[in-house]
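Some notes on the structure that comes next.
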Amino acid sequence: MVEAHSINAEHKDLIHDVAFDYYGERMATCSTDQFVKVWDQDEQGNWNLTASWKAHSGSVWKVTWAHPEFGQVIATCSFDRTAAIWEEIMGESNENGTLLRHWVRRANLVDSRTSVTDVKFGPKSFGLILATCSADGVMRIYEAPDAMNLAQWPLQHEVSLKVPSSCLTWNPLLSTFRTPNAMIAVGSDENSNTTNSKIFICEYNEVSRRWAKTESVASVAHPVHDMIFAPNMGRSFYLLAIATNNVRILKLKPIVDATSGFPYTIETAAQFNDHFCTVWRVAWNITGTVLASSGDDGCVRLWKSTVDTWKCVGVLKRDGKLPQPQSKKTQSTTQNNLTRFFKLGQITHPSEVHWH
Amino acid sequence: MSKTIVYDTLSIPDPSFIDDEVRMFGSSFGMSNICIFPTKISGPSNNQNSSGDDKTERNIILLKHKTMLFDPKVRQLVNESSGVFQELQTNVDDPTKSTDALYYSRKYRAILSTCILAIDQNNLDKSNEIYNQYKMLLYNLQLIWHLCEVLYLVTVPGDTILNNLLDWIKIHYENAENQASVITENKIAYLTDEHVEEKFTFYWDTVIGLVLQGNIDTARMLLSNHSQSDTEPFIHAIRIFKSMPIYSIYGGLPIAEYTSRFKGWQSSAKSKLECGIFLSDSNLNDVMKIICGDPDSTSLIRSHCSTWFQFLVAQLIYTDPTVKKHSLSLYAHRSVAKYYEESEYNHMDTLALDLFDGDLEGFVKKLKSYPDSGWSSTHLTNLLHLCDKIEPEVDMSEVVENTNPNEQYLLDYGTFLMTHHSLWQAGVIYLDYCSAIGKGHLSMLLSKLEITSDLRVSKILHYATARRLHNVVSSVCKVKGMLSLQKSRIGEALCWAIRGQDSAFATHLGDLYLKEFAKSGSFGCPDILDNLGSIVVTCDRFMFIGKYIQFLKLSMDNKLNEAALLYIELLKSNICPKYFRMTLLMDVLMFIDNSNECYFNIADMSLITMRLDDAIIEYNEDDESDNQFLLSQVLNIRQGIAKLVSISLRKKKTIM
């Protein structure tokens, strides 16, 4: 059974991204209306809007949370050619005794000359580090040398990939490989008819202390819209999910005793054509065992790895029907609480087969 | 053949998605939830025309998966079985303890029965559709588990399995027996000479039901309650019932002899049936047909059985009462074929068939998709593994290499429990038995648990500490510390830094304390600073703060001699942070009083002067405005030193 909450996002234009914090307790949304909103879940499970501010002077493409060990910090990137770091500040409590919260801009990263298309914090073991990519194909690394001081974000590295970049993802840590180098995969949505590679892998070199492009993945030639490494729970290799003209999962396996060249073998672990059209988003679950893909067919499909194979375990379909009237009423009566409930019946768990 | 559902489709009824151009984007969040939101795909060119009066509703939809095991009434199943599971695992490792698989199997089944009872008590009028469903799921599970126990865990000498199968059927299909007791306990009918068979419309159904469960004695009792029981046909029937040879493993007849006796008994009954003795009562005639193993009675038996395995056992009683375990497979397939007109097996049927076929591996595999979120497959598979009834799966997943295939189901179930806000502690138990990869999962899942309540945080820390997951401890403490810091509760943050042994974070907090002191002249949270504990050893900043507080106390108590020693020590070790040096040097003025006592020797005083000179150079190098006040104090400090020198010179003179 699935219980659904519907939240009116109150954005005045298209929502581009919804991001959850480490625990799934806080939600940040961003939109073409240039606003970023933060929602918090209360003890009853209702989601309340706790902050809303104009963050940029253009569409806000992506929003992402830093690890909570660094505090309550988010980063945004926008069509206005900037990326920004925001920190939540608690002020004095008001007369009701609740602390007043607001978000302040700690840094404005203005190095890009074109729209910044993606922004992601690195794994916490690398420190407080941030990567951005932009429409002119430059991947940038920023780092806060003192994690307790969010005002300082010097630009550390720039890697020019020369093709419009749409998305990026950091590698997680591997179980068996001795501390791997930091690695970022960048995707390009260049829509030309060339068969150029659309995925680039950049690595940090400990010796030269520089980031550099070390590999282009030849097997993906269609525009790439989203990409994400699977969280690693004891695997000795990486799984990279890709949203392109289909859903693709690449496996990057470290080469033992690699002395020169790119130290991984790359092979396709799975490919799903079920959307029959462009795929826009991919997302892993917490353990990296279920992948959600969103395509032009208006469906979200869930894929689970079983023994040696991947299979579809669920499909979420859109349906323009209105929810039951009584839930409408709850919405209108409670002004602050915009959460709505509706029941969706018996669903989604692959094994929920009924008999007898 | 079997109906397998590959996946389910869920429609999202929301007006946000009504527009065909709208795309639905999905992502996972938290432990196992899914979020979907509507958006459109637009090129970067047309995204700037944001019209302010857009009234379109844009709803973000959050989906939470709810399963049976998360229901408050079913939770006891999870918690109690985790206890049995743990007991079993520890006993397996301990050679002095017995690990009787049957004992544990019964324990698990007892938990199931209690759970079913609990559900029943909360759903007395059976109006709660969900509970009805849960009950059905658990009931079926109990049935199949019991069958597995009867066929594989109970040892039967000579492999004559029928009596065990009858026990199994009797427990799970108790309708006939219940009805029989209703009839026999009804004394009024007996006394008033009423016709029992007319009063109770289910009389004959009950007799047949009992006969089909081999419950001959009760059936005979019912027959003697019949109004016609003193007529010829009934007297014959009751006599046949009475003389039916019962097979018993212990102290009974050898199989061969029993078989010949059974055949003799049945053929004498058959001859009476063929003579038409029972024809006067058609119901009685039907019952006798069943007893004689007459092939014509098949459809009658079928109509009295709600499942094919009931049908199977019923037939065996009167056709092959000494059936061996290995021939069950053949009979089972025949029964299924006869029972179903079309071959439409459901999950339960295939599970039972696998058991009769002796295909435990196949059974275990199919049990995985039983809709109980893995409860049965985890516990039963584990039990069967431990008593060596099944070999571990050979085809292991490539995705999760480095894992013992035996552990995969424990890993899945443990991870699943960890996603629930109150069952996570049970989940930990299962992950504990998954060697290295379980530890990886545990460390990730523990640190992802929400840390809303302090009680839960201390539980998480307790579990993490016991498993030496220090990374979890330090991570949780750091997050809690940062949350305290966000609320400007520095003392609370410091407690978390101390708990997490996080010296970098402690240094930052120490700086906040010292800067506050430099400004206001006093420390906040004195009680925490008095009890710093081991952080003093691991964090330089707090080593300094500890010593400095000690110094302040000594000078406050006018123990200036000791204070002076400590003061010089502080200056010598040079652990004082840069921004605090001037404040520390100003404290030299404390040693000038009217007593004309000098607490420093010449070497000490030159050290103080040297540190002062260093500090001035440093302060001039970085020109921060808030240093101006301290720089203005330089003159005061120098005067103080001069005074001290003069005192000491005068002293020396008097001594000389």
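The values are calculated or read from the model by the stated rules, or taken from the named source; none is laboratory data. Treat the numbers as computed from the prediction; the structure is a model and nothing was measured. In this analysis, Cβ positions are derived from the backbone assuming ideal geometry, glycine residues included, and neighbour counts consider all displayed protein chains. Please note that ligands, DNA and RNA were not included when accessible areas were found on the heavy atoms of the full protein model with its side chains. Shrake-Rupley method; radii C 1.70, N 1.55, O 1.52, S 1.80 Å.
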query: What is the average number of partner chain Cβ atoms found within 10 Å of a Cβ in A:16-25?
result: 6
field: Rounded to 10°, Cα long-axis angle of helix B:328-339 versus longest principal axis of chain B
entry: 70 degrees
statement: From the cross-link list A:Lys162/B:Lys40; B:Lys338/B:Lys389; A:Lys37/A:Lys311; A:Lys120/A:Lys198; A:Lys62/B:Lys578; B:Lys73/B:Lys324, the entries with a Cα-Cα span beyond 29 Å are B:Lys338/B:Lys389; A:Lys37/A:Lys311; A:Lys62/B:Lys578; B:Lys73/B:Lys324
query: If you take the square roots of the eigenvalues of the alpha-carbon gyration tensor of region A:1-138 and sort them as a ≥ b ≥ c, do you get rounded (a/c under 1.5), prolate (a/b over b/c) or oblate?
result: prolate
- prompt: Helix B:162-172 sits at what angle to the longest principal axis of chain B, using alpha carbons and giving 0 to 90 degrees rounded to 10?
  reply: 60 degrees
- request: Write down Rg/Rh for region A:96-150, rounded to two decimals, with Rg from the C-alpha atoms and Rh from the Kirkwood relation over Cα pairs.
  value: 1.11
- prompt: Where the only charges are on Cβ atoms (+1 Lys, Arg; -1 Asp, Glu), what is the dipole of chain B about its Cα centre, to the nearest 20 debye?
  reply: 2280 debye
- line: Of A:Cys133, A:Cys167, A:Cys277, the most mobile residue in a GNM of chain A (C-alpha springs, cutoff 10 Å) is A:Cys277
task: Treating only the Cβ atoms of Lys and Arg (+1) and Asp and Glu (-1) as charged, compute the dipole magnitude of the protein assembly as shown about its Cα centre; round to the nearest 20 debye.
output: 1920 debye
- line: Computed on Cα atoms only, the convex hull of region B:300-346 has an orientation-averaged projected area in nm² of 3.4 nm²
- prompt: Cα-Cα over 28 Å: which of B:Lys135/B:Lys325; B:Lys487/B:Lys553; B:Lys107/B:Lys366; A:Lys124/A:Lys253; A:Lys317/B:Lys439?
  reply: B:Lys135/B:Lys325; B:Lys487/B:Lys553; A:Lys317/B:Lys439
- prompt: Per residue, how much accessible area does chain A show when a 1.4 Å probe rolls over the protein heavy atoms, in square angstrom?
  reply: 40 Å²
statement: Mean shadow area (nm²) of the C-alpha convex hull around chain A is 21.2 nm²
- line: Over all viewing directions the Cα convex hull of chain B casts an average projected area in nm² of 52.2 nm²
- request: May I ask for the angle, rounded to the nearest 10°, between helix B:634-655 and the longest principal axis of chain B, with both axes built from Cα atoms and the value confined to 0 to 90°?
  value: 70 degrees
- line: For the protein assembly as shown, whose charge dipole is built from +1 on Lys and Arg Cβ atoms and -1 on Asp and Glu Cβ atoms, the candidate among B:Thr538, A:Pro223, B:Gly26 with its Cα farthest towards the positive end is B:Thr538
query: Just from the alpha-carbon atoms, what are the Rg and Dmax of region A:163-257 in angstroms?
result: 13.6, 40
query: Nearest 100 Å², what total accessible surface is buried between chain A and chain B (probe 1.4 Å)?
result: 9000 Å²
message: What is the ratio of the Cα radius of gyration of region B:192-326 to 2.2 N^0.38 Å, with N the residue count, to two decimals?
response: 1.06
- request: List the equivalent ellipsoid semi-axes of region B:288-396 in whole Å, largest first, each obtained as the square root of 5λ for an eigenvalue λ of the Cα gyration tensor.
  value: 31, 16, 11
message: Just the number please: accessible area per residue for region B:66-200, 1.4 Å probe, all protein chains included, in Å².
response: 48 Å²
Residue among B:Thr465, B:Ser105, B:Val211 farthest towards the positive dipole end of chain B, charges placed on Cβ: B:Thr465
- request: Partner chain Cβ atoms within 10 Å, averaged over the residues of B:477-488 - can you pull that number for me?
  value: 4
query: Using the heavy atoms of the protein chains alone and a 1.4 angstrom probe, what is the accessible area of region B:418-502 per residue in square angstrom?
result: 39 Å²
- request: Could you let me know the centre-to-centre spacing of region B:450-478 and region B:544-581, using Cα atoms, in angstrom?
  value: 36 Å
message: Give me the inter-chain shielding for A:68-74: mean count of other chain Cβ atoms within 10 Å, whole number please.
response: 5
query: Which value results when the Cα radius of gyration for region A:209-311 is divided by 2.2 N^0.38 Å?
result: 1.13
- request: Determine the share of the protein assembly as shown's accessible area contributed by carbon and sulfur atoms, expressed in whole percent, with a 1.4 angstrom probe.
  value: 51 percent
query: Can you pull the percent of Cα pairs in region B:464-611 with separation above 20 Å?
result: 53 percent
- prompt: What is the ratio of the Cα radius of gyration of the protein assembly as shown to 2.2 N^0.38 Å, where N is its residue count, to two decimals?
  reply: 1.26
- line: A student asked for the Cα radius of gyration and Dmax of region B:552-604 in angstrom ought to give 11.2, 32
query: What does the convex hull of the Cα atoms come to per residue for region B:79-224, in Å³?
result: 157 Å³
Peptides A:250-258, B:579-587 ordered by average Cβ neighbours within 10 Å, highest first: B:579-587, A:250-258
query: Out of B:Asn164, B:Thr9, B:Gly491, whose Cα points farthest toward the positive end of the dipole of chain B (charges: +1 Lys, Arg; -1 Asp, Glu; placed on Cβ)?
result: B:Gly491
- request: Let me have the relative contact order for region A:211-300, percent, based on Cα pairs under 8 Å that are six or more residues apart.
  value: 26 percent
